[in-house]
Amino acid sequence: KWLDEDEMLDITAITQSAPGPLPVNASVIIGYRMAGILGSVIAVLGTILPPMIIISLISLCYEQFRTNEIVATALRVTRAGVAAVIIDVTLNLAGNVLKQKRMLYTGMMVVCLIAVAGFDISAMVVILTCLLIGIIDAGLAC
């Protein structure tokens, strides 16, 4: 097992706080943990090269893809699958927060959901605020 649940939560928090694409940030951390600097480099290449190659190939035939009904239908179906995966990950991460039985974390999760969904507050503002609260909480725990 590469990561336990707590490590995954930590990596998720770090990658969301750091600038840049989340998968690349996660691959840097996990690659480094597995094999040092070389592991980070290989993980980043493994993360960015396949989509770059696929997008480059698709761009050569963009007009044919855009007007193809089969491709359009496949993309609509894929969108539904991606939404389901995002919901599953969200529920798993929320479950991990609830397992910790820390009222601060549970309260922050609820307030963040209301802030983003109900008041259209930027996710970056929410993440940075949570980061600050986490730093303060860690400082108080010492």
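The values are calculated or read from the model by the stated rules, or taken from the named source; none is laboratory data. Please read these numbers as outputs of a predicted model, since none were measured by experiment. With ideal geometry, Cβ positions are generated from the backbone for all residues, glycine too; neighbour counts draw on all protein chains shown.
This table checks each residue for (1) assigned to a helix (DSSP H, G or I); (2) more than 24 Å from the chain's Cα centre (by Cα); (3) touching a residue at least 24 places away in the same chain (Cβ under 8 Å).
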| residue | (1), (2), (3) |
| --- | --- |
| ARG76 | yes, no, no |
| ALA80 | yes, no, no |
| LEU93 | yes, no, yes |
| LYS101 | no, no, no |
| THR106 | yes, no, no |
| LEU113 | yes, no, no |
| ALA117 | yes, no, no |
| VAL126 | yes, no, no |
| ALA138 | yes, no, no |
Worksheet item: Can you name the condition, by its number, that LEU3 falls short on among (1) over 25 Å from GLY134 (Cβ atoms); (2) aliphatic (A, V, I, L, M); (3) outside any helix (DSSP H, G or I)?
Response: (1)
Worksheet entry | Matching residues, the stretch 23-42, being under 16 Å from the mean Cα position of the chain (by Cα) and either in contact (Cβ under 8 Å) with a residue 24 or more places away in the chain or more than 16 Å from MET8 (Cα to Cα) (or both) | PRO23, VAL24, ILE30
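Can you say whether ALA83 is surrounded by 10 or more Cβ atoms within 10 Å (Cβ to Cβ) and out of contact with any helix residue (DSSP H, G or I) (no Cβ under 8 Å at 6 or more places or on another chain), as far as the supplied structure shows? Outline the logic, then answer.
On the way: surrounded by 10 or more Cβ atoms within 10 Å (Cβ to Cβ): yes; out of contact with any helix residue (DSSP H, G or I) (no Cβ under 8 Å at 6 or more places or on another chain): yes.
So ALA83 fits the description; yes.
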Fill in: Conditions (1) modelled with pLDDT under 85; (2) surrounded by 10 or more Cβ atoms within 10 Å (Cβ to Cβ); (3) farther than 22 Å from THR129 by Cβ; number of the one not met by ILE37
(1)
Discussion item. Can you tell me which condition LEU45 does not meet? The list is (1) within 30 Å of ASP137 (Cα to Cα); (2) at pLDDT 90 or above; (3) among the hydrophobic types (A, V, I, L, M, F, W, C), and all the others hold.
Written reply: (1)
